[in-house]
Amino acid sequence: MSSDRRKGDPHGKSGISDEALRRELEEIVAEYPEKRAGALMCLHRAQRHRGSLSLASQVLVGEVIGSSPAHVRELVSFYTLFLEESPGRYHLQLCRTLSCQLRGARDLKDRIRRRLSIGPGGVTEDGLFQLTEVECLGSCDSAPVIQINDDYFEGLDGDMLDKLLDELSARPPAAGGQG
Amino acid sequence: MAFEKVLTRNVGNPAVLSLAGYEAAGGYVALRKALKEMTPIEVTEEVQKSGLRGRGGAGFPTGVKWGFVPRGGERPVYLINNADESEPGTSKDRLLMTHDPHLVLEGTMISAYALECHHAFIYIRGEYVREYEILMAALTELREKGYLGRGMLGSDYDLQVTMVRGAGAYICGEETALMNSLEGRRGEPRLKPPFPAQRGIFGSPTNVNNTETLANVPFIIERGADWFTGIGKERNTGPKLYCVSGHVKNPGIFELPMTITCNELIQEHAGGMLRPDHAIKAFIPGGSSVPVLRADELDVIMSYDDLAEAGTMLGSAGGIVMDDTTCMVDALRNLEAFYAHESCGQCTPCRQGCGWLHGLLTRLENGGGVDADIPLITELADNIEGHTICPLGDAAAMPARAMVAKFKDEFRAHVARKGCPLRDKVTA
């Protein structure tokens with residue numbers, strides 16, 4: 001189990017033990033009338049600790065919510081926020097839906113492509129940045145928007161994006177990841 | 001009578017993030033009134049009298065929906081606050097959650113009391129991490145100070161509120177998909193019947209309401225249904241949050257009565273067009289799923305009924321403004337890419353149809369289209385709409401049919417010129 005985890009979660013993230021994670025998940029599940037209803041919250045928590053959802057993490061969640069690994073995998077494959085591989089340190093989630101496109105999301109994508117040499121789905125060689133094009137982030141009044149890990153960066157233009165990427169590049173690595 | 005903003009009255013006042021600050025601004029007066037002076041039936045009746053209609057998209061009368069929930073049965077009743085805001089063009093519930101989390105909670109709590117529900121859920125979209133944290137902080141303070149739980153606020157009523165985070169699926173805004181998701185399943189809509197009021201989550205009667213809808217409830221209880229019906233127009237009562245995005249100077253969320261027109265919203269409230277030398281070409285009034293309006297159709301009042309009469313919908317009031325640099329084929333292609341991505345895949349017409357629409361529009365935009373493609377878009381839309389379990393298929397079909405009907409010349413020009421005649425494309 002532990003070797004599987006290392007393979008799936010190269011960043012290591014919080015380093016929580018399986019036992020401690022299980023206790024956290026059991027606490028989450030206790031709030032719901034049925035254990036399985038805690039599934040999404042458990043997956044979010046496991047991903048926050050581990051950076052992604054390895055098979056071992058999925059099995060652990062399944063044990064806590066009383067579901068088979070197959071059921072947990074059904075969830076992980078359905079919901080886009082659940083990741084089976086850890087994203088780059090800074091996961092640039094660029095909204096590609098209409099309101100953001102009308103306000104220049106394409107220019108932001110071009111700028112990222114030129115500056116970081118990555119397109120949608122790509123990760124920089126140093127693992128610092130990953131670009132994903134995502135559907136509407138529900139922040140249309142402040143378009144264009146990029147979600148980076150947990151935070152929305154709104155009303156961006158090219159220069160603001162450059163400055164943001166400068167700051168992130170200069171920042172020392174810290175545990176992060178979404179979820 | 002001047003219109004008074006209530007839903008957004010605390011926006012820009014960070015003091016209301018704390019319980020003390022919210023109460024200093026008049027908060028939880030309505031909850032106390034409901035618990036001490038009114039029975040659950042009386043709260044329900046007041047909401048029925050107010051004429052409040054669902055703010056999430058369908059516009060169904062909230063009090064009537066509450067009336068479907070059986071009382072006194074063996075199984076517990078559940079209330080879900082649907083904060084899974086994800087209709088393109090819509091960001092109004094986020095404003096409430098960010099700036100006034102206690103209003104969101106108070107609305108949920110009073111509504112739960114009305115439904116005789118003892119466990120309510122708030123299902124928030126997974127991307128709204130900070131909004132979740134703000135709500136959780138407010139919820140934690142309520143729990144600690146005896147505003148929730150057994151005998152809350154000295155009453156004999158018990159209520160527990162639990163937050164659930166979605167995980168990136170638009171379809172979970174649909175109430176039966178949301179219920180499956182909340183139960184720890186894939187967000188696949190359910191066949192109806194049974195309706196949620198009969199059999200929702202955990203096999204129990206369940207009521208799902210949009211966040212903005214429930215945020216109106218404290219004001220209806222505190223000020224009375226007559227106050228609410230005095231705002232707007234008949235059958236379209238109360239304050240409404242309008243979103244404006246796209247090619248305007250001041251995009252934003254505006255609280256207004258349902259007597260304003262599209263033109264007033266765009267020109268007066270959203271500051272007019274972004275670029276003065278580019279006029280408005282099209283306006284999607286209610287989020288990406290509703291039929292588009294042309295520039296010459298924008299004197300219509302933005303109420304549920306007026307927009308329906310104009311052949312479109314108020315929907316989630318997610319207004320998207322497009323100026324004359326926007327290619328309508330490309331705008332539609334962008335939206336169909338969204339629906340193709342977000343289709344849950346259960347129903348063939350939606351799963352296949354949305355992808356076909358996207359492919360067809362991509363071909364047209366890139367110059368490979370033929371004349372027959374244009375009626376084919378409409379035919380595809382016809383074959384999706386009404387043939388699926390949930391309204392996602394309709395949501396993909398309606399804008400397609402309207403775009404082709406209203407901008408047919410532009411679609412034809414893409415065939416004739418073998419590509420897009422406009423400089424500015426929406427997507428890369």
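Things worth noting here:
To keep it simple, each residue is scored yes or no on (1) more than 27 Å from B:Gly318 (Cα to Cα); (2) of a type outside the set (A, V, I, L, M, F, W, C); (3) at pLDDT below 95.
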site: B:His102; (1), (2), (3): no, yes, no
site: B:Met109; (1), (2), (3): no, no, no
site: B:Tyr113; (1), (2), (3): yes, yes, no
site: B:Cys117; (1), (2), (3): yes, no, no
site: B:Ile124; (1), (2), (3): no, no, no
site: B:Leu135; (1), (2), (3): no, no, no
site: B:Thr140; (1), (2), (3): yes, yes, no
site: B:Met163; (1), (2), (3): no, no, no
site: B:Ala169; (1), (2), (3): no, no, no
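- Selection within the range B:121-153 - touching a residue at least 24 places away in the same chain (Cβ under 8 Å), touching a Gly at 6+ places or on another chain (Cβ under 9 Å) and of a type outside the set (A, V, I, L, M, F, W, C): B:Tyr123, B:Arg125, B:Gly126, B:Glu127, B:Tyr128, B:Tyr132
- The range B:126-137, residues that are crowded, with 23+ Cβ neighbours inside 10 Å and more than 22 Å from A:Glu135 (Cβ to Cβ): B:Leu135
- Exactly one residue out of B:Glu183, B:Glu131, B:Glu222 is closer than 26 Å to B:Leu52 by Cα, modelled with pLDDT of 95 or more and within 14 Å of another protein chain (Cβ to nearest Cβ), and it is B:Glu131.
- Of the residues making up the range B:96-125, those that are within 8 Å of chain A (Cβ to nearest Cβ) and surrounded by fewer than 24 Cβ atoms within 10 Å (Cβ to Cβ) number 1.
- Selection from the range B:385-415 of residues that are in contact (Cβ under 8 Å) with a residue 40 or more places away in the chain, surrounded by fewer than 17 Cβ atoms within 10 Å (Cβ to Cβ) and not in a helix (DSSP H, G or I): B:His387
- The single residue among B:Val300, B:Val370 that is hydrophobic (A, V, I, L, M, F, W, C) and touching a residue at least 40 places away in the same chain (Cβ under 8 Å) turns out to be B:Val370.
- Per-region count, the range A:121-173, residues more than 8 Å from chain B (Cβ to nearest Cβ), out of contact with any strand residue (DSSP E or B) (no Cβ under 9 Å at 6 or more places or on another chain) and within 14 Å of B:Glu127 (Cα to Cα): 0
- Test: residue in the range B:77-84 that is buried (at least 24 other Cβ atoms within 10 Å of the Cβ), in contact (Cβ under 8 Å) with a residue 40 or more places away in the chain and not in a strand (DSSP E or B): yes
- If you filter the range B:262-286 down to residues that are away from every other protein chain (no Cβ under 14 Å) and more than 19 Å from the chain's Cα centre (by Cα), you find that the one that is farthest from B:Gly318 (Cα to Cα) is B:Asp277.
- Condition met for A:Arg111 (at the interface with chain B (Cβ under 7 Å from one of its Cβ atoms) and over 19 Å from the mean Cα position of the chain (by Cα)): no
- When B:Ser289 is tested against the conditions (1) under 16 Å from B:Ala308 (Cβ atoms); (2) surrounded by 18 or more Cβ atoms within 10 Å (Cβ to Cβ); (3) away from chain A (no Cβ under 14 Å); (4) among the polar types (S, T, N, Q), the lone failure is (3).
- Taking (1) touching a residue at least 24 places away in the same chain (Cβ under 8 Å); (2) of a type outside the set (Val, Ile, Thr); (3) not in a loop (DSSP other than H, G, I, E, B) in turn, B:Glu264 satisfies each apart from (1).
- Selection count where residues are at pLDDT 95 or above, buried (at least 22 other Cβ atoms within 10 Å of the Cβ) and more than 10 Å from chain B (Cβ to nearest Cβ), scope the range A:78-88: 0
- Residue identified as over 22 Å from B:Ile284 (Cα atoms) and among the acidic types (Asp, Glu) among B:Asp382, B:Asp394, B:Asp373: B:Asp373
- In the range A:96-139, the residues that are polar (S, T, N, Q) and on the phi < 0 side of the Ramachandran plot: A:Thr97, A:Ser99, A:Gln101, A:Thr124, A:Gln130, A:Thr132, A:Ser139
- The set of residues from the range B:294-341 being assigned to a loop (DSSP other than H, G, I, E, B) and under 22 Å from the mean Cα position of the chain (by Cα) comprises B:Leu298, B:Val300, B:Met302, B:Ser303, B:Ala310, B:Gly311, B:Thr312, B:Met313, B:Leu314, B:Gly315, B:Ser316, B:Ala317.
Residue-by-condition table, conditions (1) buried (at least 22 other Cβ atoms within 10 Å of the Cβ); (2) touching a Gly at 6+ places or on another chain (Cβ under 8 Å); (3) more than 10 Å from chain B (Cβ to nearest Cβ); (4) closer than 19 Å to B:Ala169 by Cβ:
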{"residue": "A:Glu27", "(1), (2), (3), (4)": "no, no, yes, no"}
{"residue": "A:Lys35", "(1), (2), (3), (4)": "no, yes, no, no"}
{"residue": "A:Ala39", "(1), (2), (3), (4)": "yes, yes, no, yes"}
{"residue": "A:Leu55", "(1), (2), (3), (4)": "no, yes, yes, no"}
{"residue": "A:Leu92", "(1), (2), (3), (4)": "yes, no, yes, no"}
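The values are calculated or read from the model by the stated rules, or taken from the named source; none is laboratory data. None of the values given here were measured: they were computed from a predicted structure. Neighbour counts are summed over all protein chains in view; Cβ atoms, including those assigned to glycine, are modelled from backbone coordinates with ideal geometry.
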